[in-house]
Amino acid sequence: MAGTRFIGQPIQRKEDRRLLAGKGRYIADIQLPHMVHVAFARSTVPHATIRSVDVSNARALPGVLAVYTAKDLAAHLGPIRGVLTTPPLAWRKLVDHAINIPDQPLIADEKVRYVAEPYAIVVAESRYVAEDAVELIEANFDPLPVLCDPTEAMRSEAVRLHEGVANNIVGRFRIRKGGKDGVSLRRIHRSFQNHRFLALPIECRGVVAEYDSRTDSVTVWSATQIVHWVRAEVARQLKLPESHVRCIAPDVGGGFGVKGHVYCEEIIVSFLSRHLGRPVTWIEDRQEHLLNSTHSRDDVHDAEIAFDEQGKIHALRDDVVYDSGAYTPSGIASLANIAAHICGPYRVPNFEFSAIAVATNKTPNAPYRGTGRPEGSFVIERLIDLMARELGLDPVDVRRRNLIQPEEMPYANGIPYRDGVPIVYDGGDYPQSLDLALNALGGLESFREQQREARKEGRFLGLGVACYVEGTGVGPFESATVRINPGGDLVVATGACSSGQGLETSLAQVTADEWGLKPEDVTIQLADTATIAIGFGTVASRSAVTSSAAIRIASAALRDKVLAIGAHILECDIADIEFRNGNVFLKGVPKGISLQEIARAAYPGWSTNRPPAMSAGLEVTEYFEPKTVTWSYGTHAGIVEVLADTGELRIHKYVVAHDAGVLINPAIANGQIMGGVCQGIGGCLLERVIYDSQGQNLTGSLMDYLAPVAATVPPIEILHTETPSPQNELGIKGLGEGGVVGPPSVILNGACDALQHLGLEINRSLFDQAEVAAALQKFDDAVSKASPVEFR
């Protein structure tokens, strides 16, 4: 097809301003006549039996419409079912596993299991009145033992958080490949910890629902990444056909996984609108978000690596204990991702991985950007640096000796991905990626010389490196409807959701290339179940891959119909015409038929302009069902300095060499990677959810939970290579999460490299300045007696 190619161009396009029938662009903007407001009474204790909940004073407050407890809802609504998060059957057939994920009540019924779990609901004429009424609810709790440590929670004598969940273990599995490694090998055995932190999108969650009694239907606006899943669960709970529930995600101010599953508020607000016959809204405040929306990471690895004298890896074992929190809304997805990614881009002939997910009295744990990938990468990248130290080699050289080579592609990893399909890295040049990143820093030898000179001056510079792979574009499917309206305008609807990643622009570029149009001539409709009946949503770096492929399939089918109508109008054979610059032409003839003319011919009532027996209209819906994931990969490298007097860590330069296949829009790609790097840096240097021994979250405000600011971010250089994926015709891979994978390893490997004279090991994913400063002071106080200092 002739015409300008828009894929690969860093174009800027004014995003579609989807005002949602005049309701507002963002969830907090939506204002409906006679709308009422919801507030939740949330537990201040982490674990207790609910003795009583007295709501009489709250109900008596002027402006309060209704107050509900679990007993009031019991006849109408049930829990969110844990079975919905069971891994695919194909994976379960290949993996030794036991999954027992409990249901999650919409509000606490017999007991509360974490601080901020809701146990009562107030509906009032304003949010202010609703919050005042919440303060009038009197709840009596009988405290139960608090479980904050997964190891303690697994003990046989520990209290059970959920009936039927023995030892509080909600899931476990084991994966093996290869056999026994040699007995004469060297071994390093360490414990690694990924600390708990959270997504912290700029926009918190929110839900608005409006019930239509005339059609017994409900419209739900939610700041979600998965409108079709929300629709399905609301319909099930309200006992409505899915066709009677419409779910719309307005422009969402950041998702990052925290908005990637169904929450109780989405169901409750929808129910309340139907039950009360009024539009209902709930907008989450920041404290609610920090205490109640899902957290992430929080696991401990008991890992061992076996290697020979040349630094070649022979075996890797990792046993993981994962703190699931009180509920497990996304199942064991994070753990399955760790298993799939921990070997990284390296040859690991023998591998054994086991994982246990444990319920505790913390906020539920669920995926956050990159889930499983940063955790696994941190373990293997720290182990490689420890190997290098033991062998007296440069960590970069050890990586080079173990990287899979381009001539080995496609490379069978030997274990299944979480979709149940055996992992096969689908192409790329991993050593080239490493070299690109190092060269952008000035080269390895140049840095080592710079490092030696700095040490003479009492300055501690370090080099941190992390190589990784990223499974992207996961199934099971995504949908696309491509329609040409009678006026000739082209509209595309897909099940993906926009959360600030420029999806409207990139999908418009793909569509424009398919039709020989300009991106501004294409209307993209996202995140609305009324525009496309079946869809999956935006999680796991999948939307550009799966939605683009679905658009391409649907466009090809619709284009065949357009050409057939054009041939009929021109009274020629279809082989004699072509589609060019958005028009149908006779080959070699400059004048053609516009899409508008063909659309009119396809319109019902104009059958004489269509081939006999051809149906009216120009609309096709298709589905892309990937066989498995595409494999992006990359290298992060950075130069860090640890200040001798304070232990403060500064990043002088950060480089990312990334391969995500064919880039649709390089500007968007850079933004995605840079945003991920910033989140990864913040998570390693600043962000941390802290619980005390009694299950109280001590970081429930932005005064206590530190978020990165512009001054935290170093100069970042991003380099791209493009190895097309064979898994889709466009060769696209996902890249939404690659940026967040490398920072913990780069920062902490860099810190250890800078302070190697201390024998320092930092084996948890958080850089603790106070502990590093103490280690420096200890070293200064007793240089002759210095012993390795390890942070576990």
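The values are calculated or read from the model by the stated rules, or taken from the named source; none is laboratory data. Here the structure is a predicted model, which is why all the values come from computation and not from measurement. Using ideal geometry, Cβ is built from the backbone for each residue, glycine included, and neighbour counts are taken over all protein chains shown. The protein model used for the area step is the full one, side chains on, heavy atoms only, and it has no ligands, DNA or RNA in it. Shrake-Rupley method; radii C 1.70, N 1.55, O 1.52, S 1.80 Å.
Of all residues in segment 695-740, those satisfying the criterion of being among the β-branched types (V, I, T) and assigned to a helix (DSSP H, G or I) are T712, V740. Taking every residue in segment 579-596 that is without any contact (Cβ under 8 Å) to a residue 12 or more places away in the chain and pairing it with any residue that is acidic (D, E), at least 6 positions away or on another chain, the pairs with Cβ-Cβ distances below 7 Å are F585/E578; K587/D576; K587/E578. Of the candidates R274, R278, R286, the single residue that is of a type in the set (K, R) and in contact with a Phe, Trp or Tyr (Cβ under 7 Å, 6 or more places away or on another chain) is R274. Flag set for E407, criterion: out of contact with any strand residue (DSSP E or B) (no Cβ under 6 Å at 6 or more places or on another chain) and either part of a helix (DSSP H, G or I) or buried (at least 24 other Cβ atoms within 10 Å of the Cβ) (or both). The single residue among W229, W282 that is among the aromatic types (F, W, Y), part of a strand (DSSP E or B) and on the phi < 0 side of the Ramachandran plot turns out to be W282. Any residue in segment 86-100 that is small (G, A, S) and either crowded, with 19+ Cβ neighbours inside 10 Å or within 13 Å of A139 (Cβ to Cβ) (or both)? No, segment 86-100 contains no residue that is small (G, A, S) and either crowded, with 19+ Cβ neighbours inside 10 Å or within 13 Å of A139 (Cβ to Cβ) (or both). Here K653 meets the list (1) touching a strand residue (DSSP E or B) at 6+ places or on another chain (Cβ under 7 Å); (2) crowded, with 16+ Cβ neighbours inside 10 Å; (3) not acidic (D, E); (4) not in a loop (DSSP other than H, G, I, E, B) almost entirely, failing just condition (2). Of the strands (runs of 3 or more DSSP E) lying entirely inside segment 154-225, those carrying at least 3 residues that are surrounded by fewer than 15 Cβ atoms within 10 Å (Cβ to Cβ) are 186-197.
Quick one: would you say G647 is without any contact (Cβ under 8 Å) to a residue 24 or more places away in the chain, surrounded by fewer than 24 Cβ atoms within 10 Å (Cβ to Cβ) and not acidic (D, E)? The answer is no for G647. The helices (runs of 4 or more DSSP H) falling completely within segment 325-404 that include 2 or more residues that are within 30 Å of S156 (Cβ to Cβ) and either among the basic types (K, R) or touching a residue at least 40 places away in the same chain (Cβ under 8 Å) (or both) map to 333-341, 373-391. Answer yes or no: is there a residue in segment 646-657 that is at pLDDT below 95, of a type in the set (G, A, S), out of contact with any His (no Cβ under 7 Å at 6 or more places or on another chain) and farther than 30 Å from Y346 by Cα. No, there is no match, as no residue in segment 646-657 is at pLDDT below 95, of a type in the set (G, A, S), out of contact with any His (no Cβ under 7 Å at 6 or more places or on another chain) and farther than 30 Å from Y346 by Cα.
Yes or no: K71 farther than 22 Å from V159 by Cβ, open to solvent by 70 Å² or more (accessible area, probe 1.4 Å), basic (K, R) and at pLDDT 95 or above? Criteria met by K71. Listed conditions (1) at pLDDT 95 or above; (2) within 20 Å of G676 (Cα to Cα); (3) within 28 Å of the chain's Cα centre (by Cα) are all met by L507, apart from (2).
Given the structure, is R92 basic (K, R) and either in a loop (DSSP other than H, G, I, E, B) or under 24 Å from A58 (Cα atoms) (or both)? No: the conditions fail for R92. Restricting segment 556-581 to residues that are of a type in the set (K, R) and within 13 Å of G516 (Cβ to Cβ) leaves a set whose member that is modelled with the highest pLDDT is R559.
Scanning segment 546-555 for residues that are under 22 Å from the mean Cα position of the chain (by Cα) and either polar (S, T, N, Q) or modelled with pLDDT under 95 (or both) returns T546, S547, S548.
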